[in-house]
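Undergrad: Dropping the structure in here first, questions after.
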Amino acid sequence: MILTETPVVTAALEAAVRAPSPHNSQPWLFELGPDVIDLVLDEDRVLEVCDPDRREARLSCGAALLNLQLAIAVAGRSCDVEFLPRKDRPELLARVVVGARHRATATEQRLAASIRARYSNRRPFASTAVPAGFRYAVRQAAREEGAKLILLDEVGLLEAVTGLIRRADHVQTLDEGFQAELRAWTKENGSREGVPAYAGGPRPSGGLLPVRHHGQSEQAREFERDPVVAVLTTPTDGPLAQIRAGRAMQRALLTATSLGLSASFYSQPMEIPSARAVLRSLLGENENPQVVFRLGYGFPGSTTPRRPVDAVIRTRSGESHR
Ligand SMILES: Cc1cc2nc3c(=O)[nH]c(=O)nc-3n(C[C@H](O)[C@H](O)[C@H](O)COP(=O)(O)O)c2cc1C
């Protein structure tokens, strides 16, 4: 049986492409063989200005990988994952071998059910506090994937990090190359890639955090005064750490979604090397910051489109699937 024809692989790929990615660039390809799905970083979709090292692309692919595995589990199959299986092909990030029958755990079912419900919510959050138990669950989700999710509870640290985000946002606002790339990925409604204007948030009229501007025209609005800001860190950096960080990010985001929480990203300081170095020194030299997001109770928004599965499949020889 050729795996590409099975409902298991179709469900797995449909789940994988729901992963978040910077500017909704969707930097992934899947090479299919009998019982094997290879996850490949799509070099043509790397954001050369804000992600020249491909770090965010690897995070995105790591998130897609977790979605893929969860979907395979709830479809009733086990799978094994080998990271970076070929030294001569660094863009081949992971090989997933689909195995025997498997009964999905309650956690796998809960997280898989959250894949389609999750989206970036860039609008103001309610002032309702996030319960301690929920904060613990989201941190624990990152820990299960070998990462640490630091919630900035200490006022001094929160102010230092949000100040860094604002300064980095200002630098990116003045950077013509960055703005051109952002404009290129800000799309009309109906496009299956990039960020549509409806997914952007209003400009904040006050509060601690800036919002990346995706062409939204709405009037400025007040954001929550006491945001829950999370920084996901890994003990090492490099391709493997970044793929695993993407899985941890996604497990944390899906856990948050399953608890009724919303999230949105603040990558400005992650995309400027000197700002990322400052963030590392604020958190501790062994903490390699990978992603920053806020958590809270969002007013309902909507998901954004993805390219169809057919557009992200390649046969192993590198030809297009269809
Ligand atoms: C590594 C990474 C960095 C991101 N950085 C930002 C950011 O700084 N600002 C922002 O508004 N969205 C950011 N996003 C969110 C993407 O724009 C979003 O995932 C994409 O548009 C798809 O939309 P969705 O998350 O609603 O599915 C980031 C996503 C990833 C994976």
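The values are calculated or read from the model by the stated rules, or taken from the named source; none is laboratory data. Predicted model, so just to flag it, every value in this text is computed and none were measured. All Cβ positions, even for glycine, are placed from backbone atoms using ideal geometry, and neighbour counts span all protein chains on display. We work out accessible area using only protein heavy atoms, side chains counted, and drop any ligands, DNA or RNA first. Shrake-Rupley method; radii C 1.70, N 1.55, O 1.52, S 1.80 Å.
Undergrad: With a 1.4 Å probe and all protein chains left in place, how much accessible area per residue does the chain have, in Å²? Walk me through the intermediate numbers first.
TA: Working: 14060 Å² over 322 residues.
Computed with neighbouring chains in place, this is 44 Å² per residue.
Undergrad: Follow-up question, since we're still on this one. Quick one: check the C-alpha center-to-center distance for the stretch 30-57 versus the stretch 149-182, whole angstrom.
TA: 26
Undergrad: Also, I was wondering about something else. What number, in nm² with one decimal, is the all-direction average of the projected area of the convex hull of the alpha-carbon atoms of the chain?
TA: On the way: hull surface 63.4 nm².
Dividing the Cα hull surface by four gives the mean projection, 15.9 nm².
Undergrad: Same structure again: Counting pairs of alpha carbon atoms under 8 Å apart in space and at least six apart in sequence, what relative contact order in percent does the chain give?
TA: On the way: 650 pairs, mean separation 76.7, N = 322.
Answer for the chain is 24 percent.
Undergrad: Let me have the relative contact order for the stretch 261-322, percent, based on Cα pairs under 8 Å that are six or more residues apart. Don't skip to the answer; put the middle values down first.
TA: Values: 48 pairs, mean separation 21.7, N = 62.
That works out to 35 percent.
Undergrad: Can you work out the FRET efficiency for the pair THR128 and THR107, with r the C-beta to C-beta distance and R0 = 30 Å, to the nearest 0.05?
TA: Details: r = 25 Å, r/R0 = 0.84.
Efficiency, rounded to the nearest 0.05: 0.75.
Undergrad: Here's another thing I want to ask about it. Go through VAL49, GLY62, GLY33 and say which Cα lies farthest out towards the positive end of the charge dipole of the stretch 1-84; charges sit on Cβ, +1 for Lys and Arg, -1 for Asp and Glu.
TA: GLY62
Undergrad: Over the stretch 1-104, with every protein chain in place, what whole percent of the accessible area is carbon and sulfur at 1.4 Å, could you tell me? Numbers along the way, then the final one.
TA: On the way: 1980 of 3970 Å².
Of the solvent-accessible surface of the stretch 1-104, carbon and sulfur hold 50 percent.
Undergrad: Something else: Starting from the Cα gyration tensor of the stretch 215-322, take the square roots of the eigenvalues, sort them a ≥ b ≥ c, and report rounded, prolate or oblate (rounded when a/c is under 1.5, otherwise prolate if a/b is larger than b/c, else oblate). Provide the component values of the computation, followed by the final result.
TA: Numbers: a/c = 1.92, a/b = 1.17, b/c = 1.63.
Cα axes put the stretch 215-322 in the oblate bin.
Undergrad: Can you give the charge dipole size of the stretch 1-119 about its Cα centre, rounded to the nearest 20 debye, using +1 on the beta carbon of Lys and Arg and -1 on the beta carbon of Asp and Glu?
TA: On the way: 15 positive and 17 negative charges, 119 e Å.
It comes to approximately 580 debye.
Undergrad: Relative to the present Cα-Cα distance, how much length would full extension add between GLU159 and VAL36 at 0.36 nm per residue of separation?
TA: Values: separation 123, 0.36 × 123 = 44.28 nm, distance 4.66 nm.
Full extension of this stretch gives 39.6 nm more.
Undergrad: Round to the nearest 0.05 the FRET efficiency obtained for THR6 and ASP44 when R0 = 30 Å and r is the Cβ-Cβ distance. Don't skip to the answer; put the middle values down first.
TA: On the way: r = 28 Å, r/R0 = 0.93.
Result of the calculation: an efficiency of 0.60.
Undergrad: So for the chain, taking the charge dipole from beta-carbon charges (+1 Lys/Arg, -1 Asp/Glu), which of THR107, SER274, LEU164 sits furthest toward the positive end?
TA: Farthest along the dipole direction, towards plus: THR107.
Undergrad: Taking all pairs of distinct Cα atoms, average 1/r, flip it, and tell me the Kirkwood hydrodynamic radius of the stretch 132-296 in Å to one decimal place. Working shown, then result.
TA: Values: mean 1/r = 0.0600 Å⁻¹.
Evaluated on the stretch 132-296, it is 16.7 Å.
Undergrad: What percentage of the solvent-accessible surface of the stretch 178-229, computed with a 1.4 Å probe over protein heavy atoms, is contributed by carbon and sulfur atoms? Write out the running numbers ahead of the final one.
TA: On the way: 1230 of 2730 Å².
About 45 percent, which is the carbon plus sulfur part of the accessible surface.
Undergrad: Using alpha-carbon positions, what is the distance between the centroids of the stretch 85-112 and the stretch 198-227, in Å?
TA: Result: 37 Å between the Cα centres.
Undergrad: For the chain, set up a GNM with springs between Cα atoms under 10 Å and report which of VAL195, VAL155, VAL17 has the largest fluctuation.
TA: Top of the fluctuation ranking is VAL155.
Undergrad: When the chain is fully extended, how far beyond the present Cα-Cα distance does ARG166 get from GLN179, taking 0.36 nm per residue of separation?
TA: On the way: separation 13, 0.36 × 13 = 4.68 nm, distance 1.61 nm.
Between ARG166 and GLN179, full extension yields 3.1 nm more.
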